[in-house]
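Computed from the coordinates by the stated procedures, all read-outs in this text should not be read as laboratory data. In this text, all values refer to a predicted model and were calculated from it rather than measured experimentally. Cβ placement follows ideal geometry from the backbone for every residue including glycine, while neighbour counts extend to all protein chains displayed.
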């Protein structure tokens, strides 16, 4: 029973296309994230949502648009894909606040390749 | 200066060796500290939390020095299965709850 699941796991597409990655968590957490891990393996936060509200937007191009229909889902839509968007995108969730460690639980990642 | 800095390695050690990783962070108001492990082509997973009093879990010991803004991870009696990337993670709550990952230190344990 996967705690954080994201689809698709692999995505190969042409430059200029639009694609979406979906994420769902069944942990009851309030906060969800999108991270990008590039070829140098550096894991960088893109967005954070708390109870469907955008909390963090880390200088990400406007072509990236997150959407959180409810606190268990956080989807990522990317318009006009570029070669530099090729990376592994990880969804994660956590429960913040008093008494919680802030541990992040990650999905298995979505490997995006832009040709 | 990066918010969280680690030696990228790689560290190549024989089985049974003791290896230590270091990490420094720039925000003195940081609140929580962790080590995560990431296997090749997998997602990061929590290895252990880090406290000023130290935290030991079997062969793994983590230590935090708030004065020096320094975190360490010690692995004793290395196993082949310890080969992975170890990520230093810092959480701060200045201007919002923020989790920052270091770039990771790669470890290869060889027979």
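Computed across the range A:1-71, the Kirkwood hydrodynamic radius from all distinct Cα-Cα pairs reaches 13.6 Å. As a proxy for reagent exposure, ranking B:2, A:40, A:22 by other Cβ atoms within 10 Å from fewest up yields A:40, B:2, A:22.
Figure legend: label point modelled 7 angstrom from the Cα of residue B:70 along Cα→Cβ; residues of the range B:23-48 with amide N under 17 Å from it are B:23-28.
For the options B:59, B:41, B:76, a Gaussian network treatment of chain B with springs between C-alpha atoms closer than 10 Å singles out B:41 as fluctuating the most.
Where both bridge residues fall in chain B, DSSP classifies roughly 90% of the beta bridges as antiparallel. The mean of 1/r over all pairs of different alpha-carbon atoms in chain B, once inverted, gives a Kirkwood hydrodynamic radius of 14.1 Å.
Here the translational diffusion coefficient of the range A:7-115 follows from Stokes-Einstein with Rh set to the Kirkwood radius across Cα pairs; for 20 °C and 1.002 mPa s it amounts to 153 µm²/s. Among beta bridges identified by DSSP and lying wholly in chain A, the antiparallel ones come to about 90 percent. Over the range B:14-111, Cα pairs under 8 Å with separation of 6+ residues give a relative contact order of 34 percent. For chain A, the relative contact order is 36 percent, taking Cα pairs closer than 8 Å that sit 6 or more residues apart in sequence and dividing their mean separation by the residue count.
Values of log10 I(q)/I(0) for the protein assembly as shown across q = 0.10, 0.18 Å⁻¹ run -0.46, -1.35, by the Debye formula with one identical scatterer at each alpha carbon and no solvent.
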